[in-house]
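Notes to accompany the following structure.
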Amino acid sequence: MLHKMRLNESPFERIKNRTKTIEFRLYDEKRSQIKIGDKIEFSKLPELQETILVEVLELYKEETFEKLFRKLYTDEEEIKRKVNAMYEYYSPENEKKYGVVGIKINLLASGFRYTYNKLVRDKIPENIDSEQGRKSKFRILDDEEYLTELNKKVLEEANEFIEENSIEELGDLMEVLNAIIKLKGYNMEEINKIMKEKEEKKGAFNNKIYLEYVDEERRNLEEEKELNKDFRK
């Protein structure tokens, strides 16, 4: 079974360079699931991009950290220091409630994990996996999730086009719009008809007109609603 935990930089690096072989935790609901032979994936705080994989060799369970450290160490100063260090993370109340555990581990592998959680082009996982030392993890979205991610992608690609104003970025934006058109079941004939109707009613964007303001005699709530939309600010 694989368990996932987070670690501060110092203990993470000491496990990575094999100078730390026992990880100490409360023996709470999560840690009580760990068995000898299980694997633990530690992610380094704060970015959580670097990971190490370890195997559980032994489990040392006790009522308190002091009792646990006395089982494992003999130096009184070291025991006192370690107990005080644990109380920086865990309260005596929780120690009494759950008990504690020392997890003896063996380092199996280390690496970096870059979390994207975003919609990507169809061949991206294949391209990643074809490179030595790289492995992707992905899942297939349902239609509702797909539309949500496409909407995010429109903003992403639009911003990238704004930054570069390149034909390549414009092509990326059009690719996302085409995916939305296909998902929604629209066709270009319908879209062109709507565009034509709006052009006839309001015009297009050919004359480079930049509206500065409108003076009105009465308050226009509809106008205010439009101007107060977040993307207009």
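Quick look at the values:
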item	result
Residue 188, sole failed condition from (1) at pLDDT below 90; (2) under 24 Å from residue 157 (Cβ atoms)	(1)
Helices (runs of 4 or more DSSP H) lying entirely in the range 72-183 (those with 2 or more residues that are touching a residue at least 12 places away in the same chain (Cβ under 8 Å), among the small types (Gly, Ala, Ser) and surrounded by fewer than 11 Cβ atoms within 10 Å (Cβ to Cβ))	none
Residues (farther than 11 Å from residue 7 by Cβ and crowded, with 16+ Cβ neighbours inside 10 Å) located in the range 23-37	24, 26, 27, 31, 34
Members of the range 184-231 found to be assigned to a helix (DSSP H, G or I) and of a type in the set (Lys, Arg), listed by number	184, 193, 196, 198, 201, 202, 225
Single residue of the range 57-71 satisfying the filter (of a type in the set (D, E, K, R) and not in a loop (DSSP other than H, G, I, E, B)) that is surrounded by the most Cβ atoms within 10 Å (Cβ to Cβ)	62
Subset of the range 10-37 [farther than 15 Å from residue 109 by Cβ, touching a strand residue (DSSP E or B) at 6+ places or on another chain (Cβ under 6 Å) and without any contact (Cβ under 8 Å) to a residue 60 or more places away in the chain]	36
When residues of the range 6-63 are limited to those that are closer than 27 Å to residue 117 by Cα and aromatic (Phe, Trp, Tyr), the one farthest from the chain's Cα centre (by Cα)	12
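The values are calculated or read from the model by the stated rules, or taken from the named source; none is laboratory data. These numbers come from a predicted model, not from an experiment. In this analysis, Cβ positions are derived from the backbone assuming ideal geometry, glycine residues included, and neighbour counts consider all displayed protein chains.
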